[in-house]
Amino acid sequence: MLEPTSEVPLLVPPNAAIGAVVFDLDGLMFNTEDLYREALRHLVARRGREFSQEVYDAMMGRPAPVALGILIDRLQLTDSVEELATESFAMVLDLMASRAAPMPGLLDLLAALERRGLPKAIATSSNRFFMERLLGQFGLLERFAFTLTAEDVTQGKPHPEIYLTAAQRFDLPPQRLLVLEDSGTGSRAAVQAGAYTVAVPGDHSRGHCFDGVKFIADSLADARLWQVLTLDHPHAAKASA
């Protein structure tokens, strides 16, 4: 398992310059993994079960039907996937309205990419309704060239389909995509697609396996990430002022 490091690795992509950036959504752009976890904890508590980090790690990064199937199997629940999806989704939407927030560095990074003219997209295992509701809450939907959701692929993460599709949409070879992922499942999908993959775990995913990623960033404000993208880091600008 890779560990975060302050040492600067070989950051420049060896074959071609980065042509576009693809963001995961939950836990990478927003703190929604915390909201999911809270909702699921309440969901299983209503059924007399205990929700563990081990179960959540197995679910994270996967399309909802797959994730909830794992929950049913691991906790031996009698509910259907559809029943759990309806109940948990309502709880998450309620939490999102008051507690969703951008992850550290997100807004600065989006603005810097736009100043440089580097296109960006989203590739998420969430459904389109949820993604558009979340991005709309923060006025970010129109800032992406396109978005891909669970409805746009036949095989969810960790299968590489969603990132191969993103490369096709950008008309770029996968190695020219820089993919940002917070989970081991999502990182695996991006690595298998051949993308330049950077893991940005949060507290919810620091224990995941990130084999194959180029490096593990401390946050979206990590100077190494900005170096790869040849962006002017805001902290550097303040230091030189």
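Projecting the Cα positions of LEU28, LEU220, ALA17 onto the charge dipole of the chain (unit charges on Cβ atoms of Lys, Arg, Asp and Glu, taken about the Cα centre) puts ALA17 furthest along the positive direction.
In this simple spin-label model, placing a label point 7 Å from the Cα along the Cα-to-Cβ direction at both SER219 and GLN53 gives a separation of 2.0 nm. The antiparallel fraction among DSSP beta bridges confined to the chain stands at about 5%. The mean sequence separation of alpha-carbon pairs under 8 Å and at least six residues apart, normalised by the residue count of segment 136-241, gives a relative contact order of 18 percent.
Which of the trypsin sites (Lys or Arg not before Pro) found in segment 148-241 are in a DSSP loop and have at most 14 neighbouring Cβ atoms, other than their own, within 10 Å? Counting only loop positions with at most 14 other Cβ atoms within 10 Å, the trypsin sites (Lys or Arg not before Pro) in segment 148-241 are ARG206.
Applied to segment 211-220, the Karplus parametrisation 6.51 cos²θ - 1.76 cosθ + 1.60 on θ = phi - 60° returns per-residue 3J(HN,Hα) values of 4, x, 6, 6, 6, 9, 7, 6, 6, 6 Hz, with x for Gly and Pro.
Taken about its Cα centre, segment 32-99 carries a charge dipole of about 100 debye when Lys and Arg each add +1 at the Cβ and Asp and Glu each add -1 at the Cβ.
Dividing the summed helix terms, -39500 (n - 2.57) for each DSSP H run of n ≥ 4, by the number of residues in the chain produces a 222 nm estimate of -13000 deg cm²/dmol to the nearest 500.
Quick one: pull the percentage of alpha-carbon pairs in segment 32-99 with a separation above 20 Å. Roughly 17 percent, once rounded to a whole number.
In whole Å, how far is the Cα centre of segment 133-185 from that of segment 54-131? The two parts, judged by their Cα centres, are 13 Å apart. Computed over the chain, the Cα gyration tensor eigenvalues convert (square root of 5λ each) into semi-axes of 30, 18, 18 Å, ordered from largest to smallest.
For LEU148, nonlocal amide neighbours, meaning residues 5 or more places apart or on other chains whose placed amide H falls under 5 Å from its own, are ILE122, ALA123, THR124. Segment 37-134: which trypsin sites (Lys or Arg not before Pro) are DSSP loop and have at most 14 other beta-carbon atoms within 10 angstrom? Of the trypsin sites (Lys or Arg not before Pro), the ones in loops of segment 37-134 whose Cβ has at most 14 other Cβ atoms within 10 Å are ARG46, ARG47. When only the Cβ of Lys, Arg, Asp and Glu is charged (+1, +1, -1, -1), the dipole of the chain relative to its Cα centre reaches about 400 debye.
FRET efficiency for the LEU107 to ASP203 pair, using the beta carbon distance and R₀ = 25 Å, is estimated at 0.80.
Counting only GluC sites (Glu not before Pro) that are in a DSSP loop and have at most 14 other C-beta atoms within 10 Å, tell me the longest site-free stretch of the chain. With GluC sites (Glu not before Pro) excluded where exposed in loops, the chain gives 51-241 as its longest stretch.
Summary value for segment 32-99: 36 percent relative contact order, contacts being C-alpha pairs under 8 angstrom separated by 6+ residues.
Span-like helix check, the chain: no full DSSP H segment qualifies, none having both a Cα axial length of 30 Å or more and a mean Kyte-Doolittle of -1.0 or more.
Read-outs: derived from the displayed coordinates by stated rules, not from any lab. The structure displayed is predicted, hence computed values, not measured ones. Please note: Cβ atoms are built from the backbone with ideal geometry, for glycine as well, and neighbour counts cover all protein chains shown.
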